[in-house]
Amino acid sequence: MRKYDDGPTGATRRVVLKGMTSLAGASLAGAMPGWASAANPVQSDFMAVSKALVGQHKMTAAYGDALVAAFAKNDPKFGAKVSALLKLIGSEPVDADTLKAKLAGADKDVAALPQAILTGWYLGIAGSGKDAICVAYASNFANQTVADVLRPQSYAYGAYGSWSAKPV
């Protein structure tokens, strides 16, 4: 068996490949969109507003990230609207009557935002009409809420969401 030479610098193929992989990863990290950052104020404001509106459901960061990206794609002023809504309603859970009272004098775009956010979490759809973006199906709150009793109609037979796993 022939032993390969480490070359004049002493660097092995493995070291070079690790270095190239690290360099590629570092360059990709700088190319990530702003909403992917955990310190992003739009994302944190969105999750705070969502917590106030949704309440009892466990909201995942990945689902929230996808919703923020979809809403921002349809509306460049989405971040400003979410910030205004957060200032208006706060981050504590709010019931429908209190929400309606707080939104009574608000800008119409900000007043329409709670319905759009709730639609995103419960139906997995951001936007409407030709601008609608499907963000989730199996993990949306409407399906998760009834998953123990109801099974959505499908061609896949078995437990709800079983079609998402690779067949055995």
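Worth a mention:
- Residue, nearest to Leu85 (Cα to Cα), within the range 107-142, restricted to residues that are open to solvent by less than 30 Å² (accessible area, probe 1.4 Å) and not hydrophobic (A, V, I, L, M, F, W, C): Pro114
- Which listed residue, of Val94, Val149, is at pLDDT below 90 and open to solvent by less than 40 Å² (accessible area, probe 1.4 Å): Val94
- Filtering Ala142, Ala106 for residues that are among the hydrophobic types (A, V, I, L, M, F, W, C), modelled with pLDDT under 90 and assigned to a loop (DSSP other than H, G, I, E, B) leaves a single hit, Ala106.
- Qualifying residue in the range 44-58 (condition: farther than 23 Å from Leu123 by Cβ and either at pLDDT 70 or above or surrounded by 13 or more Cβ atoms within 10 Å (Cβ to Cβ) (or both)): yes
- Residue count for the range 76-88, restricted to those that are surrounded by 14 or more Cβ atoms within 10 Å (Cβ to Cβ), in contact (Cβ under 8 Å) with a residue 12 or more places away in the chain and over 11 Å from Ser50 (Cβ atoms): 6.
The values are calculated or read from the model by the stated rules, or taken from the named source; none is laboratory data. Nothing here was measured: the structure is a model prediction, and the numbers come from that model. Heads up, the Cβs are rebuilt from the backbone with ideal geometry, glycines too, and the neighbour counts pull from every protein chain shown. Ligands, DNA and RNA are stripped out before the accessible areas are found, and what is left, the full protein with its side chains, is counted by its heavy atoms. Shrake-Rupley method; radii C 1.70, N 1.55, O 1.52, S 1.80 Å.
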